[in-house]
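Q: Take a look at the following structure, please.
We did not get these values from a lab; they are worked out from the coordinates using the rules stated. A quick note: this is a predicted structure, and the numbers were derived from the prediction, not measured. Here the Cβ is made from the backbone with ideal geometry for all residues, glycine too, and neighbour counts use every protein chain on show.
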Amino acid sequence: MKVYKIGIVGGGAAGLMAAISAAQEGCNSVALFEGNVRCGTKILMSGGSRCNVTNYSVKAEDFFGGSKNFIKNVLHGFTDKMTIKFFEELGVKLKLEPAGKYFPEDDKASSVLHALLRRAGDLKVNIIVSTKIEKIEFSEGLFSLTSGENIFKAEKVILTTGGKSYPTSGSDGGGYSLAKSFGHTLVTPFPALTPILLNEEDSLTKLSGVTIPARLTIYYKGKKHIESENSLLFTHFGLSGPAALNISREVERLKNEDAKLFVNFIPSYSFETLSGYLKDQIKSGSDRLVLSLFKEHLPLSLAETIFSIAKVPIDKKFYSLSKEELKCLVTVAASYELKTKGVRGFNQAEVTAGGIPVGEVKYQTMESKLQNGLFLAGEILDVDGLIGGYNFQWAWSTGFIAGHSAAREAAKKI
Ligand SMILES: Cc1cc2nc3c(=O)[nH]c(=O)nc-3n(C[C@H](O)[C@H](O)[C@H](O)COP(=O)(O)OP(=O)(O)OC[C@H]3O[C@@H](n4cnc5c(N)ncnc54)[C@H](O)[C@@H]3O)c2cc1C
């Protein structure tokens, strides 16, 4: 039976990068096992099929989950600048878009995947698809990887099986059990970067299709916990767009806790400044429609919905706005409490929060602290990033470090 120096389980972004990095380091016996019929399904789905490869500024603060120090050290080991150079060397030039996101110049996620597969092929990585690894055991210095009737042997194993989001893509959480069989623990996975569900009776659900810049804030135990200011999209079931997706992990994590979610529909105003502006208009005796101010900042349908929720007639003029009406309008516009009923879930989550705790992995090498020769990389770990290319950067950084280190360790054994 052939014994591979390195067996990589999972052919997504982290697995492909680990395979290339190991082979580039000189390892000439790398096998990549992919359960699906092809590698990199999520790469193809990503960024609206454009693949947001990385970001102009990637910092530990852009991630949740494991310790910021661990994340910082890993990102330092293979930086966003190194990602850009790496892809350029593979023939994929990246372009920077205004929000700081990098995409391939031709806007095709397939260019990213094909370049990775081409490089892996050139480096003679054995890509073995339709091979889901069900069990991994270690004895007498070798790992045995079982897939149905087949048993593969490897000196080192890199686990890059991803998380649980979009399970139809192949990442169904099965990789966690493989890690657990070596004593690893699991921070309970939950969906992140997923739309937020509102109660059906919430009149905001009637605004489906409207997009505005907005600020969402979670108050936890009465204190401001987290804010997300970005584009917000209303849908028939609730809220989507980056502002909602970025805060969704905390909505989910704190769903049974004393946490409240508020929206400011006009983030250029705070409760106080909006209130002050309206008071000035009232004092001046303006006979302008109050609605006209809201129309300057918001689509008419949303402005009218705010008046309806606040129970203020839409033909109200400033001079006749009562104190009570002013308070209601400002509260709804700048600090409206959303009645959520959770998030969309794993089937429509761009990433999984939770996973294998980073404390069980050495940041210098991504090697398990519990099993020599076992390495972990990518979304399987308890780290999830914001929208903007951060999750791929995590996959590239951890994949690169794991591949490089596993190859060095494998070379020592000869
Ligand atoms: C719709 C969507 C859009 C996204 N857009 C972006 C974006 O633009 N930018 C960004 O940064 N991030 C984006 N992400 C997140 C990003 O795709 C992931 O964070 C990243 O792909 C994780 O890489 P990974 O290699 O760790 O895991 P995955 O990409 O999930 O790969 C894991 C692989 O392992 C395989 N596998 C699992 N178990 C086994 C097993 N037992 N045996 C063999 N193979 C196995 C799976 O089939 C899969 O191919 C998006 C995600 C989604 C779902």
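Q: Averaging over all projection directions, find the projected area of the Cα convex hull of segment 211-273 and quote it in nm² with one decimal place.
A: 4.4 nm²
Q: Highest GNM mean-square fluctuation, the chain, Cα pairs closer than 10 Å: which of Gly15, Gly355, Gly285?
A: Gly285
Q: May I pose another question? Charges at C-beta only: +1 for Lys and Arg, -1 for Asp and Glu. How large is the resulting dipole of segment 195-344 about its Cα centre, in Debye rounded to 20? Mind dumping the intermediate values first?
A: Working: 21 positive and 18 negative charges, 41 e Å.
In debye, rounded to 20, segment 195-344 gives about 200.
Q: May I pose another question? Taking the chain as a Gaussian network, where each spring joins two C-alpha atoms under 10 Å apart, which residue of Gly174, Gly399, Gly378 fluctuates the most?
A: Taking springs between Cα atoms under 10 Å, the residue moving most is Gly174.
Q: Let me have the relative contact order for the chain, percent, based on Cα pairs under 8 Å that are six or more residues apart.
A: 25 percent
Q: Once you list every other residue whose beta carbon is under 11 Å from the beta carbon of Tyr220, what net charge do they have if Lys and Arg are +1 and Asp and Glu are -1?
A: Value of the local net charge: +2.
Q: Using a basic spin-label model with each label point 7 Å from the Cα along Cα→Cβ, how many nm lie between Asn150 and Glu134?
A: Calculated label separation equals 1.4 nm.
Q: Follow-up. Find which of Ser301, Gln348, Thr331 sits farthest along the positive direction of the dipole of segment 289-350, computed with +1 on the beta-carbon of Lys and Arg, -1 on that of Asp and Glu, about the Cα centre.
A: Of Ser301, Gln348, Thr331, it is Thr331.
Q: Most fluctuating residue of Arg288, Arg119, Arg249 in a GNM of the chain with Cα springs under 10 Å: which is it?
A: Arg288
Q: If you place +1 on the Cβ of every Lys and Arg and -1 on the Cβ of every Asp and Glu, how big does the dipole about the Cα centre of the chain come out, in debye to the nearest 20?
A: With Lys and Arg at +1 and Asp and Glu at -1, about 380 debye.
Q: Moving on to the next point. Only bridges with both residues in the chain count here: give the DSSP antiparallel percent, nearest 5. Provide the component values of the computation, followed by the final result.
A: Values: 50 of 67 bridges.
In the chain, approximately 75 percent of DSSP beta bridges are antiparallel ones.
Q: Another question, if that's okay. Where in segment 139-214 are there chymotrypsin sites (Phe, Trp or Tyr not before Pro) that are in a DSSP coil and have at most 15 other Cβ atoms within 10 angstrom of their Cβ? Don't jump to the answer; show the numbers that get you there.
A: Details: sites: Phe143, Phe152, Tyr176, Phe182; in loops: Phe182.
Counting only loop positions with at most 15 other Cβ atoms within 10 Å, none of the chymotrypsin sites (Phe, Trp or Tyr not before Pro) in segment 139-214 qualifies.
Q: With just the Cα atoms defining each centre, how far is segment 160-195 from segment 216-237? Give it in Å.
A: 26 Å
Q: Rg and Dmax of segment 122-195 over Cα atoms: what are they, in angstrom?
A: 14.2, 48
Q: Counting helices only, and only those DSSP H runs with n ≥ 4, report the 222 nm mean residue ellipticity of the chain as the sum of -39,500 (n - 2.57) divided by its residues, in deg cm²/dmol to the nearest 500.
A: Helices in the chain give a 222 nm mean residue ellipticity of -10500 deg cm²/dmol.
Q: Let me ask something additional. Ranking request for peptides 210-218, 123-131: highest mean number of other beta-carbon atoms within 10 Å first, then the rest in descending order. Each step should come with its number before you reach the end.
A: Values: 210-218: 19.1, 123-131: 16.6.
Highest mean packing first, the order is 210-218, 123-131.
Q: Once the dipole of segment 93-176 is set up with Lys and Arg at +1 and Asp and Glu at -1 on Cβ about the Cα centre, which of Gly141, Ala120, Phe152 lies farthest towards its positive end?
A: The residue sitting most towards the positive pole is Ala120.
Q: Continuing with the same structure: Rg to Rh for segment 1-96: what is it, with Cα atoms only and Rh by Kirkwood?
A: Details: Rg = 15.2 Å, Rh = 15.3 Å.
Over the Cα atoms of segment 1-96, Rg/Rh equals 0.99.
Q: Related question: Pop out the Kirkwood hydrodynamic radius of segment 24-149 from its pairwise C-alpha distances, inverse of mean 1/r, in Å to one decimal.
A: Answer for segment 24-149: a Kirkwood hydrodynamic radius of 16.9 Å.
Q: Per residue and in Å³, how big is the convex hull formed by the alpha-carbon atoms of segment 195-344?
A: 100 Å³
Q: Please compute the volume of the convex hull spanned by the alpha-carbon atoms of the chain and report it per residue in Å³.
A: 140 Å³
Q: Among the listed pairs Lys95/Lys260; Lys59/Lys85; Lys59/Lys341; Lys124/Lys153; Lys72/Lys156; Lys164/Lys369, give every one whose C-alpha distance is greater than 29 Å.
A: On the way: Lys95/Lys260 38 Å; Lys59/Lys85 18 Å; Lys59/Lys341 31 Å; Lys124/Lys153 18 Å; Lys72/Lys156 26 Å; Lys164/Lys369 23 Å.
Over 29 Å apart, Cα to Cα: Lys95/Lys260; Lys59/Lys341.
Q: Same structure, new question: Based on alpha-carbon atoms only, what is the radius of gyration of segment 259-414 relative to the globular estimate 2.2 N^0.38 Å?
A: Rg over 2.2 N^0.38 Å, computed on Cα atoms: 1.77.
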